[in-house]
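J.: One structure, pasted below without further comment.
Just so you know, all these numbers are worked out from the coordinates, no wet-lab data involved. If you're wondering where the values come from, they're calculated on a predicted model, not measured in any experiment. Cβ atoms come from the backbone with ideal geometry, glycine included; neighbour counts cover every protein chain shown.
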Amino acid sequence: MGLMDASVTLKKLTEKFPDAVVGTHNYRGDDTAIVKKEKIRDICLFLRDDPDLLYNFMMDLTVVDYLGRDPRFEVVYHLYSLPHNRRVRIKALVPESDLTIDSVVSVWVAADWFEREAYDMYGVVFTGHPNLRRILLYEGFEGHPLRKDYPLKKRQPLIGPVN
Amino acid sequence: MLADLIESLAKIVFIFTVNVGVFAPILGWVERKQSAVMQDRIGANRADILGFTAIGLFHSLADALKLLTKEDFVPANANKFFHTLAPFIALVPAIAAFAIIPFGGRYELFGREINLVIADLDVGILYVFALAGLATYGTVLAGWSSRSNWSLLGGLRASAQMLSYEVAMGLSIIGVIIVYGSLRLTDIGAMQEDFFRWGIFLQPVGFIIYMTCAIAENKRIPFDIPEAESELVAGYFTEYSGMKFVMFWMAEFLEMVTISAIVTTLFFGAWHIPFVTDAMLLSWFQSAGPNGAAALAMLVNIVVFFAKVSFFIWLQMTIRWTLPRFRYDQVMRMCWKMLLPLSLINLSITGLVVLLL
Amino acid sequence: MSEISKDLHTEYMVINMGPSHPVTHGTVKFLATLEGETIVDLDVEIGYLHRGFEKMCENSTWQQVIPYTDRLNYVSPLINNTGYALAVEKLLGIDVPERCKYLRVIACELSRLSDHLTNVAAAGLELGAFTAFLYFVEARELVWDLIESLCGARVTVNYVRIGGLKNDLPERFEEKVRYVFKEVRRLWVDVDKLLTKNRIFIDRVRGVGAISAEEAIAYGFTGPCLRACGVPYDVRKAQPYLVYDRMDFEVPIGETGDNYDKYLVRMEEIQQSMRIVEQALAQMPDGPINVRLPQVRMEPKEKIYSRIDSLIYHFKTVIEGIKPPPGEVYQAVEGGNGELGFYLVSDGSGKPYKCRVRPPCFALTAAMPRLVKGRLLADIVPTFDMINMIGGECDR
């Protein structure tokens, strides 16, 4: 797998969505593309359906909080193509002022629970998600714990049995 | 009159002692130790009295003491009357079924003819089926009266399973009744004096069907969906503790003894030793005089009977620890689509053969 | 069936297989809506074992994260350790010595043995085959004895280090491995005879929980559950790490994706793992097990107590942590349940900026409603067993 082959994904992505892709790099052999959040559904559909790319696995969906930078959040998608045996990472920039992004549940069903967890931990709202509620934490939890400004040792109000 | 009364009382006390006093605690120990041997481990061996552990036998005593001293509660919204009544309804038929099972033949002792069965009823085997029908109420009431979704599911499954398997069980026994021509268990037992007239040779299919249905009635693995440990926590007796719980548990063990006893009586020669007739047996003990010989023969027959019963208990336990459990719809399908037609076919063939011969 | 229900005025019963239940091992809550015994809807609630792994990692140094990774998939802890160490080494851009790679392969495969043995044993237990459970637990005990002789602990091993390992093999390890594998193979044959052709077991698991390959991929299945659907994806073969490309092993593939295929795939993988360990032990070269970079991997105590530069490096790496250059990596290893991915973001300081674990059983548990809808209540048991949800991994 030489460098030419490794950048097929990034080349085609930049060709197809020139104004959405903000930057690409290949740090330590991982193809990465940084995109704006508006067209994320179209980008994901393209990545899944294009015959040269065929990213049919959504391996992971998570959020990174770069406190002090604008846009503050990055929604990170890790994709894997089984037919071509390639990986790519897509990072969508999401500012704190508009903490929403399109849900990709219609592209890969796996995104369902991963997006719920991202909402639970960071507060990112995924528009179009059928069932966006907390998954790992309980309903009465206040705040979004994985944000950098959530203190490590914050106490939560005690709850009783619900159902 | 008095002599009859004493004789009946002696037999009742004997059976009661052997069953509830000896078999029930011993079976608990056997279950632990047999499973341990099968699973390559030691089993329970810690309970001791003054440092003397009798290879784990004291665990049964420890169990009894623990269950006696446990808190006896009824769940908050439960129907208190039925909740308390259900264990009794489950336990009594298991003990009472032993009333018609002959554990020995007829002997001439001191001028009296002693028939080693508590009640030699005309209807014989039907009495056992009637009691098995009553035992169903115990589990169903337990499941329903506990006011818990889990117990309800267990009770529902139990009622469907036990009702269905009673039908197949009854039909499988009719073959035996046709062959031996009598409902009385004493007659059937007496007719198996000759080794080749044992039920297992005359009704092999009936034996297999009866054994399967009886294990299903008893709700042992592989048919223990009503109390499926991993699905329903404990099924219909989830909400029971203390003595009521031990009554269900004892009912299960005692029914195992009853099943083994019936199988022995109907299919495996009751109290007879193979190839040894009653006369031969008496002739072995001639030196002790007619009374002594009869007494010794009685003893030998009782021992042989209970040895066979123990073998079938061992068989049921081995099956329990080897096989996984069926799913609910598979249990029902097996009864109605497999065992019932099979027992009907068995019945018709038996009838035909008996008619022609 | 529903025609009858309309006339009879029945209602749906909502049953709560709550977090503490004999079958929901790993603390999961199922809210099953039942019509009789048929499941109409299933709501899966996880998170009862959420301990805040990511937040804790952001507040510990890179080396201090390793004991936390033990507690992710706690039946195969060495695989978690290895995955994390590989990810950090990728971030640092360093390569470990050969012997270390072979030892890590051995450790991973022993852990995978433990994982698969536990899973098949639990499946047997919950279906009522108590004896099969105890046979495989005995086999697992022997494997744990091996792991204990290797690193001192059976479950929370904490064996792999960034840039190497904690210690080398103990004496006579090959002998012990030979003895243990002989016993495990004997017990494998016993359980095979008890379960694989057992009509009752087959009736319970065949055809239950089946899923097609396309749906499985859409749900993000990986590991034995995906291979049971017929998709030959194994990270060890597709993107080999450590020395898996020098090992000769097969990856078993199923057909229909039902529970029976998952069981068979796991049973066969037990055999293949033993093969890999034996090959690794035969091929392993002598040499150092730690990389010679004092700013990454601590030097032996004799050097630290006698040389000033070692002491300084030791002090800095313990107090401040090792310092990978800023950047991000994603490293995938083949865990017991599937692709275990570590996504690490470094900002140049001694603590991870983000340490994300991609849990394989998270995607599998998400598909639970799809697998059991329309089936009986009793089918939840083998389906959930075969998914092998480990609470520590799913909830982190």
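J.: Would you work out which of C:108, C:279, C:296 lies farthest towards the positive end of the dipole of chain C? Charges go on Cβ: Lys and Arg +1, Asp and Glu -1.
T.: C:296
J.: What FRET efficiency, computed as 1/(1 + (r/R0)^6) with R0 = 25 Å and r the Cβ-Cβ distance, is obtained for residue A:8 and residue C:272, rounded to the nearest 0.05?
T.: Once the sixth-power term is evaluated, E becomes 0.15.
J.: With contacts defined as alpha carbon pairs under 8 Å and 6 or more residues apart, what's the relative contact order of the range C:174-273 in percent?
T.: Once normalised by length, the contact order is 29 percent.
J.: Now, a different point. Can you tell me the length gained on complete extension of the stretch residue B:4 to residue B:92, counting 0.36 nm per residue apart and subtracting the Cα distance?
T.: 29.2 nm
J.: To the nearest 20 Debye, how big is the dipole of the protein assembly as shown about its Cα centre, given +1 on the beta carbon of each Lys and Arg and -1 on that of each Asp and Glu?
T.: In debye, rounded to 20, the protein assembly as shown gives about 1700.
J.: Next up: Give me the distance in nm between label points sitting 7 Å out from Cα along the Cα-to-Cβ direction at residue B:349 and residue C:286, one decimal.
T.: Using points 7 Å along Cα→Cβ, the separation is 7.3 nm.
J.: Now, a different point. Pop the C-beta distance of residue C:11 and residue C:175 into the FRET formula with R0 = 60 Å and round what comes out to the nearest 0.05.
T.: Taking R0 as 60 Å, the efficiency between residue C:11 and residue C:175 is 0.40.
J.: Label the range C:272-383 by shape, choosing from rounded, prolate and oblate, from the square roots a ≥ b ≥ c of the eigenvalues of the Cα gyration tensor; if a/c is under 1.5 it is rounded, and otherwise prolate applies when a/b is larger than b/c, oblate when it is not.
T.: Taking the square roots of the gyration eigenvalues as a ≥ b ≥ c, the range C:272-383 is oblate.
J.: For chain B, what is the relative contact order in percent, using Cα pairs closer than 8 Å and at least 6 residues apart in sequence?
T.: 22 percent
J.: Rounded to the nearest 10 degrees, what's the angle between the helix C:98-126 long axis and the longest principal axis of chain C, both from Cα atoms, 0 to 90?
T.: Once rounded, one gets 20 degrees.
J.: Just in the range A:59-88: which chymotrypsin sites (Phe, Trp or Tyr not before Pro) are loop by DSSP and have at most 16 other Cβ atoms within 10 Å?
T.: Qualifying residues, ordered by number: A:66.
J.: In peptide C:355-366, how many Cβ atoms from other protein chains are near each Cβ within 10 Å, on average?
T.: Mean inter-chain Cβ contacts per residue within 10 Å come to 4.
J.: Right, something else. By counting other Cβ atoms within 10 Å of each Cβ, how are B:314, B:249 ranked from fewest to most?
T.: So the residues, fewest neighbours to most, are B:314, B:249.
J.: Right, here's the next one. Let me know the mean shielding of A:104-112 by other chains, meaning the per-residue number of their Cβ atoms within 10 Å of its Cβ.
T.: Partner-chain Cβ atoms within 10 Å, mean over residues of A:104-112: 4.
J.: What size of dipole, in debye to the nearest 20, comes out for the range B:76-356 about its Cα centre when the only charges are +1 on Lys and Arg C-beta atoms and -1 on Asp and Glu C-beta atoms?
T.: 540 debye
J.: Now a separate question. Taking +1 at the Cβ of each Lys and Arg and -1 at the Cβ of each Asp and Glu, which of C:31, C:125, C:241 sits farthest along the dipole of chain C towards its positive end, judged by Cα position relative to the Cα centre?
T.: Checked the options; the winner is C:241.
J.: In addition: Compare A:61, A:137, A:152 in a GNM of chain A, Cα atoms joined below 10 Å, and give the one with the largest fluctuation.
T.: It is A:152.
J.: From other protein chains only, count the Cβ atoms within 10 Å of every residue's Cβ in A:53-63, then give the mean.
T.: For peptide A:53-63, the averaged partner shielding equals 5.
J.: Another question, then. Using a cut-off of 14 Å between beta-carbons, work out the net charge of the residues near residue B:163 (Lys and Arg +1, Asp and Glu -1, residue B:163 not included).
T.: 0
J.: Got a sec? Which residues in the range B:126-152 would a label at residue B:167 touch, if it sits 7 Å along Cα→Cβ and we count backbone N under 18 Å?
T.: B:129-130, B:132-134, B:136-137
J.: On to the next question. Taking 51 Å as R0, compute the FRET efficiency from the Cβ-Cβ separation of residue A:106 and residue B:147 and round it to 0.05.
T.: 0.70
J.: GNM, chain C, Cα, under 10 Å: largest mean-square fluctuation among C:170, C:224, C:352?
T.: Result for chain C, Cα springs under 10 Å: C:170 fluctuates most.
J.: Here's another thing I want to ask about it. Which value, in debye to the nearest 20, describes the size of the charge dipole of the range A:56-100 about its Cα centre when Lys and Arg Cβ atoms bear +1, Asp and Glu Cβ atoms bear -1, and nothing else is charged?
T.: Using Cβ point charges on Lys, Arg, Asp and Glu, the range A:56-100 gives about 320 debye.
J.: Taking amide H atoms as placed 1.01 Å from N in the peptide plane, list the residues 5 or more away in sequence, or in a different chain, whose amide H sits under 5 Å from that of residue C:354.
T.: C:345
J.: Using Cβ contacts closer than 10 Å as the measure, can you line up A:38, C:126 from fewest to most?
T.: Arranged by neighbour count, lowest to highest, A:38, C:126 become A:38, C:126.
J.: Label the range C:45-395 by shape, choosing from rounded, prolate and oblate, from the square roots a ≥ b ≥ c of the eigenvalues of the Cα gyration tensor; if a/c is under 1.5 it is rounded, and otherwise prolate applies when a/b is larger than b/c, oblate when it is not.
T.: It comes out prolate by the Cα gyration axes.
J.: Per residue of the range B:198-212, in order, report the coupling 6.51 cos²θ - 1.76 cosθ + 1.60 (Karplus, θ = phi - 60°) as ³J(HN,Hα) in whole Hz, putting x for Gly and Pro.
T.: After applying 6.51 cos²θ - 1.76 cosθ + 1.60, I find 5, x, 5, 7, 7, 9, x, 5, x, 4, 5, 5, 5, 4, 4 Hz.
J.: Which ordering of B:180, C:305, C:48 is given by a fewest-first count of other beta-carbon atoms within 10 Å?
T.: Ranking B:180, C:305, C:48 by Cβ neighbours within 10 Å, fewest first, gives C:305, C:48, B:180.
J.: I would also like to ask the following. Please turn the phi angles of the range C:299-314 into ³J(HN,Hα) values with the Karplus equation 6.51 cos²θ - 1.76 cosθ + 1.60 (θ = phi - 60°), one per residue in order, whole Hz, x for glycine and proline.
T.: 3J(HN,Hα) across the range C:299-314, in whole Hz: 8, x, 4, 4, 5, 5, 7, 10, 10, 6, 5, 4, 4, 5, 4, 4.
J.: Still on this model: Got a sec? Charge dipole of chain B, +1 on Cβ for Lys and Arg, -1 for Asp and Glu; which of B:346, B:55, B:169 is way out at the positive end?
T.: B:55
J.: Given labels modelled 7 Å from the Cα in the Cβ direction, how far is it in nm from residue A:84 to residue C:141?
T.: 5.3 nm
J.: Counting only C-alpha contacts under 8 Å and six or more residues apart, can you give the relative contact order of the range C:45-395 as a whole percent?
T.: Relative CO of the range C:45-395 lands at 27 percent.
J.: A further question on this structure: Taking the Cβ of residue B:274 as the center, what net charge do the other residues with Cβ under 14 Å away carry, scoring Lys and Arg +1 and Asp and Glu -1?
T.: It works out to a net charge of -1.
J.: Compute the Cα gyration tensor for chain B, then decide on rounded, prolate or oblate, letting a ≥ b ≥ c be the square roots of its eigenvalues: rounded whenever a/c is under 1.5, prolate when a/b is larger than b/c in the other cases, and oblate in all that remain.
T.: Verdict is oblate for chain B.
J.: Follow-up question, since we're still on this one. For residue B:302 and residue B:113 in the same chain, what is the full-extension length gain: residue separation times 0.36 nm, less their Cα-Cα distance, in nm?
T.: Result for the pair: 66.4 nm of gain on full extension.
J.: Please find, in a Gaussian network model of chain C (springs between Cα atoms separated by less than 10 Å), the residue of C:263, C:68, C:12 whose mean-square fluctuation is greatest.
T.: Highest fluctuation among the options: C:12.
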